[in-house]
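Novice: Have a look at this one before I ask anything.
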Amino acid sequence: MSSKDKNISIDPASEQMLRSEATQDLELTWDRYQAMQPQCGYGQLGVCCKICAMGPCRIDPFGNGPQKGVCGATADIIAARNLARMIAAGTAAHSDHGRDTVHALLSAASDPNSDYKVTDGKKVRALAQEWGVDIQGKSKEELAKEVAEMSFAEFGQQHGELKFAQRAPEEQKNRWRENGVMPRGIDREVVELMHRTTMGVDSDFKSIIGQGIRASLADGWGGSMIATELSDILFGRPNPIKSTVNLGILKADEVNILVHGHEPTLSEMLVAATQDPEMIKLAKSKGAEGITLAGICCTANEILMRHGVPIAGNFLQQELALATGAVDAMIVDVQCVMPALGELAKRFHTKLISTSPKAKVPFANHIEFDESKALDIAKQIIREAIENFPNRKGKSTCIPDIRENMVAGFTAESVFEFLGGHYRPSYRPLNEGIITGRLRGAAAIVGCNNPRITHDYGHVTMTKELLANDVLVVTTGCTAIADAKAGLLNSGEALKYCGKGLKEICEAVGIPPVLHLGACVDISRVLTILCNILDQGGLGVGISDLPAAGAAPEWMSEKAVAIGFYVVASGVYTVLGQALPVEGAKELTQYLCEDIEDVYGGKFAFEPDPIEGAHLILDHIDRKRSDLKLSPVLYPVPYAPKTVAEAAAAS
Ligand code: BF8
């Protein structure tokens, strides 16, 4: 599909942009996707190998051509190695983000002049206690320093077990120990995975996947969990908060600044800088009414969760945001930042500013972020954006008048308080909702956008189908933004999509049926919630006993592969809207989609139809309910179409 085709997006603001004059002569993601057709089938099926210079080698998936690479590697070995390297990259990305958060916490704890502060004393105390630190008589800064040093050690640890992995249920930890995949150190598992998958090392596809799982667990129960927990300590634990989403949050008469990427260390400082009266005065002196700061992708989710900063859009809206012509500066750090942005920004007055020493972008101005001068640099960046505002004058802009209200800011702790009440915080009402059948179960729908799939369609369609069947949904990342734009994070409007039981619960506790848990690193919050539900009792002993599942209907990033593996290896049935690149490797596919369940309790399913995907989840939840001998659901939905085609016919 190209950007000129119809039905590229179900998001009305994106559709309006794509139909407008503003985008007609621009080259966008969908155009480059179209120009790339037909894409390489060998790559898609995972059977192209280029890890040594005897290749590239490719295996004929139809069995007519070569079935081994020059070294003798089969399709299963080649696809497993390729997949494992995706896990290594995804784990490295999340974990390096976690490491930067540790660095900022250490600076907050040890440098009285740091712009960062230790905000959540209660949480740092609880974490220090969990990790066996003697907390008596110590200030929150002293505890934060110890926690930060212990977190750093988790990256380089050579033996033993990761600290956060101890949070997992015994049943799951035993599975990891028995299969030799309990993660030791975060960097260690990534390095070993890269070693094992280089030419002539590990040639057993299950063994390769085993180390892939070990690295992925070092992400979910290591790097990502460190990023989440330490961000809460540093910037404050999120609480339910109202905000607004979509391109219509841009304002014609204000300085519009977009922050795009992932790390909260920069975006938190930008929030502070835009609120500085000196900056607001400067903006007014340039003829603007004020400053609008908004976000794209996961850094947007970070500052939404803690400050209610509005969100301009998700991954496939980064170019559309620039195409409005109304963005005075887009500030980027790391991950999910398209290299195309620089050339596109040149078509407008927009300044593209790269900030990370790890990520330079063609045609961007580079203002390097340095934690020791964090607020000063943030102000310098904001000043550049303000100075650029007058350059917008006389140029045409196109801001869709479309935005949606939302509630975000849920965490493992606040879900707990909301569902149990502030005076008796407990997961009991949630567990009872499931046990009595008022709730059928729970699902985490997460992940990216992908131009192969109509923008936001997979997320929103699957989520609505689950809500109609009384499944409580939690979400993060670009799915959360898609659902928010569709009104599913709006505690009033979203109830019309819910089945009777889910609606009763949401009305009783005043929550939307889709709970926004934050950025992709915050999928670690999902792991914590699953542990808390189990601890509450009545729903089995392992995560795989729970009537719960996960899905990534529009995934595209290597980070999503790492997440998929740590979630499956933690016992969660996971539906992917696009297959992993393994389908040219038959035994590997069979292992990932079936046999792996006996080992870890979870498995993958590949299903592009989001309604069918939702029904795979519902069938799984029903099986788990039956295994637990729970009562039937209170309000069964009489008829539910099981495919998009059947749904279209039914309407
Ligand atoms: O980490 S959901 S497109 S923004 S990778 Fe990227 Fe995917 Fe969005 Fe966040 Ni996550």
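Novice: If I go through region 1-28 residue by residue, how many of them are part of a loop (DSSP other than H, G, I, E, B) and either touching a Gly at 6+ places or on another chain (Cβ under 9 Å) or at pLDDT below 90 (or both)?
Specialist: Qualifying residue count, region 1-28: 8.
Novice: Right, another one. Which numbered condition trips up ILE291, out of (1) closer than 21 Å to ILE377 by Cα; (2) open to solvent by less than 10 Å² (accessible area, probe 1.4 Å)?
Specialist: (2)
Novice: Restricting attention to region 379-390, which residues are of a type in the set (S, T, N, Q) and either free of Cβ contacts under 8 Å to residues at least 40 places away in the same chain or open to solvent by 80 Å² or more (accessible area, probe 1.4 Å) (or both)?
Specialist: The answer is GLN380, and nothing else.
Novice: Pick from ASP219, ASP134, ASP232: which is open to solvent by 10 Å² or more (accessible area, probe 1.4 Å) and either at pLDDT 95 or above or closer than 27 Å to SER107 by Cα (or both)?
Specialist: Matching residue, one of ASP219, ASP134, ASP232: ASP134.
Residue by residue, here is whether (1) small (Gly, Ala, Ser); (2) assigned by TED's automatic domain parsing to the domain that holds ALA108; (3) closer than 23 Å to ASP232 by Cβ holds:
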| residue | (1), (2), (3) |
| --- | --- |
| GLN129 | no, yes, yes |
| ALA144 | yes, yes, yes |
| PHE152 | no, yes, yes |
| GLN166 | no, yes, yes |
| GLY180 | yes, yes, no |
| GLY200 | yes, yes, no |
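Novice: Can you pull out the helices (runs of 4 or more DSSP H) entirely within region 586-651 that have at least 1 residues that are outside the structural domain of MET462 (by TED's automatic domain parsing) and among the β-branched types (Val, Ile, Thr)?
Specialist: Qualifying helices (runs of 4 or more DSSP H): none found.
Novice: Being part of a loop (DSSP other than H, G, I, E, B), more than 16 Å from the ligand (Cβ to nearest atom) and either free of Cβ contacts under 8 Å to residues at least 12 places away in the same chain or within 22 Å of the chain's Cα centre (by Cα) (or both) is the filter here; which residues of region 569-585 pass it?
Specialist: Within region 569-585, SER570, GLY571, VAL572, ALA579, PRO581 qualify.
Novice: Can you find a residue in region 529-537 that is assigned to a loop (DSSP other than H, G, I, E, B) and open to solvent by 10 Å² or more (accessible area, probe 1.4 Å)? Reasoning before the result, please.
Specialist: Applying the first criterion (assigned to a loop (DSSP other than H, G, I, E, B)) to region 529-537 yields 537.
Now narrow it down to the ones that are open to solvent by 10 Å² or more (accessible area, probe 1.4 Å): 537.
Scanning region 529-537 turns up at least one residue that is assigned to a loop (DSSP other than H, G, I, E, B) and open to solvent by 10 Å² or more (accessible area, probe 1.4 Å).
Novice: Which helices (runs of 4 or more DSSP H) sit wholly inside region 449-516 and have at least 2 residues that are within 16 Å of the ligand (Cβ to nearest atom)?
Specialist: Correct list: 457-468, 477-485.
Novice: Would you confirm whether any residue within region 256-263 is away from the ligand (no atom under 16 Å from the Cβ) and either in a loop (DSSP other than H, G, I, E, B) or open to solvent by 10 Å² or more (accessible area, probe 1.4 Å) (or both)?
Specialist: no
Novice: Looking at (1) of a type in the set (A, V, I, L, M, F, W, C); (2) open to solvent by less than 10 Å² (accessible area, probe 1.4 Å); (3) closer than 21 Å to MET462 by Cβ, which one does ILE596 not meet, given that it meets all the others?
Specialist: (3)
Novice: Which residues, counting only those in region 537-568, are closer than 14 Å to SER216 by Cβ and more than 16 Å from the ligand (Cβ to nearest atom)?
Specialist: VAL568
Novice: Further, regarding this structure: Would you mind finding the one in PHE363, PHE369 that is surrounded by fewer than 24 Cβ atoms within 10 Å (Cβ to Cβ), touching a residue at least 60 places away in the same chain (Cβ under 8 Å) and in the same structural domain as ALA252 (by TED's automatic domain parsing)?
Specialist: So the residue among PHE363, PHE369 that is surrounded by fewer than 24 Cβ atoms within 10 Å (Cβ to Cβ), touching a residue at least 60 places away in the same chain (Cβ under 8 Å) and in the same structural domain as ALA252 (by TED's automatic domain parsing) is PHE369.
The values are calculated or read from the model by the stated rules, or taken from the named source; none is laboratory data. Predicted, not measured: the structure shown is a model, and the values here were computed from it. Note: ideal-geometry Cβ built from the backbone for every residue, glycine included; neighbour counts use all protein chains shown. These area figures cover heavy atoms from the full protein model, side chains too; ligands, DNA and RNA do not enter into them. Shrake-Rupley method; radii C 1.70, N 1.55, O 1.52, S 1.80 Å.
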